[in-house]
Amino acid sequence: MPSVCFYFQVHQPFRLKRYSFFDIGKDHFYEDDEKNKLILDKVSEKCYLKTNRKILDLINRHKGKFKVSYSISGTALEQFENHRPDVLQSFIDLSKTGCVEFLSETYYHSLSFIYSKDEFKRQVEMHREKIKLYFNQTPKVFRNTELIYNNELASFIEKMGFKAIVCEGVDRHLGNRAPNFLYQPAGTLKIKSFLKNYRLSDDIAFRFSDRNWNEWPLHADTFASWVHKIAGNGEVMNLFMDYETFGEHQWEETGVFDFLDHLPMEIMKHSDFDFKTLSEAADQYKVRDIYDVPEFTSWADAELDLSVWLSNAMEKEAAKRIYQLEEKVLLTGNKDLIDVWGKMQTSDHFYYMCTKFWSDGDVHKYFSPYDSPYDAYIYYMNVLADFETTIEETVKDIAPVKKSRRRKEIADN
Amino acid sequence: MVIEPLSKQAESTAYVPKVLMLGWEFPPVINGGLGVACHDLCIAMSKYSNVTMIIPKSNPDFVVKNLNLIGLNTIDAKTLRNIGHADSYRKVKQVHFINTHLNPYYNGNLEPHHDLQNLTSQYLKAIKIGDEIVEVFQIDDLYGGDVIEKVTIFGKLAAKLALSLDFDVIHAHDWMTMIAGMEIKAKTGKPLVMHIHSLEVDRGGPQSKGWVYQVEKRGMEYADILMPVSNFTGHVIHDYYHIPWSKIVPVHNGIRPVEPFKSEQMFKEKMVLFVGRLTRQKGPEFFVDIAERVLEKDQNVRFVMAGTGEYFNPLLERAAQKGIAHRFHLTGFLNLDKVRKLLSIADVYVMPSLSEPFGLSAVEAVQFGIPAVISKQSGVSEVLNGSLKFDYWDINRAAGYILSLLHDPVLVENVKADAYKDLVNISWDNSAKKVIDGYNKFKLIPEPV
């Protein structure tokens, strides 16, 4: 009896303002409050509130048989807290139905696993606290930023006590196998991986409104018939996508909400099919094979690797510099400074610096609040220069004895 | 002088369009930007078409391969007059010399005109060989003034000459040849393409409404399609001349490849370079303001302006007033070799133009591996992704970019690498293909067989 597993990603970064060279040393506030609030409001109205209402309606209509999983980044939750408590409340309402699972991720939606395991762990724990606080759940399934994944991460996550992990179903590692089963990450004991079915996921997330697509316009019954094809040859249909697909990437006018409205009914017309949260599916199904991913993969672009965040010299330099600060930042013991540091780790900052398609003139492929990847890098590095100075000055004031004690505390933790 | 079919593709079945070009500057007579651009475009187009180029003045010793180059100065007026009666251009002889004393891009610096009257008379006298003298005078009366007379008479003569030539399409460059283009279209009914390298609105500002503006406007209205050297200029044409976008086909300029080199620094400070005429259009006073802002943060920078123009003295004064004269250098006019020498030692190139149809100098800087900080009000900003772009009035932003480039080798490396990728696409061959595509799209030439 195959299960459809929806997982939606909800994320908003704290975008940095156009922080000029001339602001260094003068302005210690880095975020573009206005833009962040503007975007949050826009996406809240177009997507979050509407889609949450729809999901709640579907759960009620199908009497608890429709289930979904969410991963909400800590930076998104924080922005809801500050500016859109109504959105936060609508997620809390969903959590009370018992049909919604919240997954674990790094609080800052960061690349920390690549640069610092300690920092990674710290952020996963921070995020867990936040989820517990609002939704009264302790996450059992982990998804890393943009589905960045490899064997080592799966192993690390297993040791942290998770029972499953989410990743992209990458053909070069799957070979001729389908993503529609649970897999055992190579080198682990019992953790299970959910592999995104990118074909069907992207039919909704990317192709839905594409008038040049030969399946346009896509209706729920057609899509359900594609899902039903795995009957007898698959156990999980993993439909993973950004939540902003609904209403923001695919506008309401495209009919995406009607599509969503009819989909559960159409899928459950086949009596073998049901919906499960990722934890339920992990409990229900056994792993069927080993999924061996020695190199990092992700769900980004055609390459499905790290190249969006870490391919050009600017991205690498910026990331290297921010993680080099780890010891000193923690040494300050200053919560605010540690938080600023965390927010600067958000993967979006590096994504804005991406020049992969820049030279092809395909510059609109990327969403960015800045005019160019150079601007993204320049503002980031200007902020970093100011932040480094602040950290240096703060650390200087800490007595040497205290320093060694603090180091020990950090090590003990 | 005999016109021969030039196509290297004569054996191929594809139709080879015949293009009649009308130019003003052309090497080696004038080596300005327009002349070089026309020359290089013609050469590139000769791969895809038969090009005949009429210019006011040519040097008979200057032969361009695959190009029929006709200087009106080399044609006997009597022969010209007889065109229409005679059968072919084969009878055209090199006899007469028409001097044209016009340098359209140097508004503030026109050459002395003491002999202009003579030249004009001489020119008129030449036309007087025969019966049609009246016609020339009439045109003179219509517009008055020497500049006007020149482009007008050029138009008359070129139109006469065109009657003896075989071509599919007329391709005129800038306002000096627009009257010629209109005359030829009127006489032959052939479609007219106007290639726009620079407009009066770029040079004189948006208030320009003088005679040149009127010629440009009328010419562009009369033309079948317009090929500005950038989308930016396309917008100027649309916004200031009210020409519909439907007949505007931007064709970006190309560039000649160079062998870049590096030279030893002359001083220990870093160097920020400006190359261009010191006129309003190029925004030189913004360069001074940007320099002042950069020097507030970093004294180890020198700012060099290569070029001359009516802003030379005011710029000197401005730099002195701001107290940055010790870091600010005006070189005056430099020849190509000296400009290249500067490019070989510069750290950052800045182009703060107010209205720059293309901006080849920025591409030349990129060829030398210098990161370019360029105004968004330029055509070149459309093809140089590997550059930092600012609105010309945004001094802070430009200064911030320069400071970042001077202090961050990673940024320099990245911008340079991206700019090198851009250079691959900036070629005259690409421009030529776009021109031919434009002819085809608007059905100005017979369909390819």
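The values are calculated or read from the model by the stated rules, or taken from the named source; none is laboratory data. No experiment lies behind these values; they were computed from the predicted model shown. Cβ placement follows ideal geometry from the backbone for every residue including glycine, while neighbour counts extend to all protein chains displayed. Ligands, DNA and RNA are excluded from the accessible area calculation, which covers all protein heavy atoms including side chains. Shrake-Rupley method; radii C 1.70, N 1.55, O 1.52, S 1.80 Å.
Taking all protein chains into account, the per residue accessible area for region B:270-425 stands at 34 Å² (1.4 Å probe). Expressed as a fraction of 2.2 N^0.38 Å, the value expected for a compact globular protein of N residues, the C-alpha radius of gyration of the protein assembly as shown is 1.19. Treating r as the C-beta distance of A:ASP339 and A:ASP86 and R0 as 35 Å, the FRET efficiency rounds to 0.90. Under 5 Å from the amide H of B:GLY71 lie the amide H atoms of B:ILE55, B:SER58, each residue being 5 or more positions distant or on a separate chain, with H modelled from the backbone and absent for Pro and chain starts. Note on B:ALA14 and A:LYS286: the model spin-label points, each 7 Å out from Cα along the C-beta direction, lie 6.5 nm apart. Computed about its Cα centre, the charge dipole of chain A is approximately 1400 debye, with only Lys, Arg, Asp and Glu carrying charge at their Cβ.
Taking amide H as placed 1.01 Å from N in the peptide plane, A:GLU101 has its amide H under 5 Å from the amide H of A:VAL68, A:SER69, A:TYR70, each at least 5 places away in sequence or on another chain.
Couplings 3J(HN,Hα) for region A:375-392, derived from phi with the Karplus relation 6.51 cos²θ - 1.76 cosθ + 1.60 (θ = phi - 60°), are 4, 4, 5, 4, 4, 4, 5, 5, 4, 4, 4, 5, 5, 4, 4, 4, 4, 4 Hz, where x marks Gly and Pro.
Hey, what's chain A come to in accessible area per residue, 1.4 Å probe, Å²? Write down the numbers at each step before the final one.
On the way: 17020 Å² over 413 residues.
Averaged over the residues of chain A, the accessible area is 41 Å².
Entry note: region A:103-190 has Rg to Rh equal to 0.98, where both radii use alpha-carbon atoms and Rh is the Kirkwood radius. Apolar share of the accessible surface for the protein assembly as shown: 51 percent from carbon plus sulfur atoms, 1.4 Å probe. Going from the isolated chain to the complete set of protein chains, region B:369-392 loses at least 40 Å² of heavy-atom accessible area (1.4 Å probe) at B:ASN385.
Extents of chain A, taken as max minus min of Cα coordinates on every principal axis and listed largest first, are 68, 45, 41 Å. The string of couplings for region A:32-49 from the Karplus curve (6.51, -1.76, 1.60, θ = phi - 60°) is 8, 3, 4, 5, 4, 5, 4, 5, 4, 4, 4, 5, 4, 6, 6, 10, 4, 5 Hz, one whole number per residue in order, with x for Gly and Pro. Of the chymotrypsin sites (Phe, Trp or Tyr not before Pro) in region A:70-102, not one is in a loop by DSSP (not H, G, I, E or B) with at most 16 other beta carbons within 10 Å.
Taking a ≥ b ≥ c as the square roots of the eigenvalues of the Cα gyration tensor, an a/c ratio of 1.5 or more together with a/b no larger than b/c marks region B:315-397 as oblate.
Each peptide in B:172-183, A:369-380 was scored by the mean count of other Cβ atoms within 10 Å over its residues; highest first, the order is B:172-183, A:369-380.
The interface between chain B and chain A buries about 1800 Å² of solvent-accessible area in total (1.4 Å probe, ligands and nucleic acids excluded). Between B:VAL424 and A:ASP301, the C-beta separation translates, for a Förster distance of 30 Å, into a calculated FRET efficiency of about 0.85. Couplings 3J(HN,Hα) for region A:218-234, derived from phi with the Karplus relation 6.51 cos²θ - 1.76 cosθ + 1.60 (θ = phi - 60°), are 8, 10, 4, 5, 4, 4, 4, 5, 5, 4, 5, 4, 7, 3, x, 9, x Hz, where x marks Gly and Pro.
Which whole number gives the average, over all residues in B:409-415, of C-beta atoms from other chains lying within 10 Å of the residue C-beta? Let's see the in-between values first.
Details: counts 2, 11, 7, 1, 4, 11, 6.
Per-residue shielding by partner chains comes out at 6.
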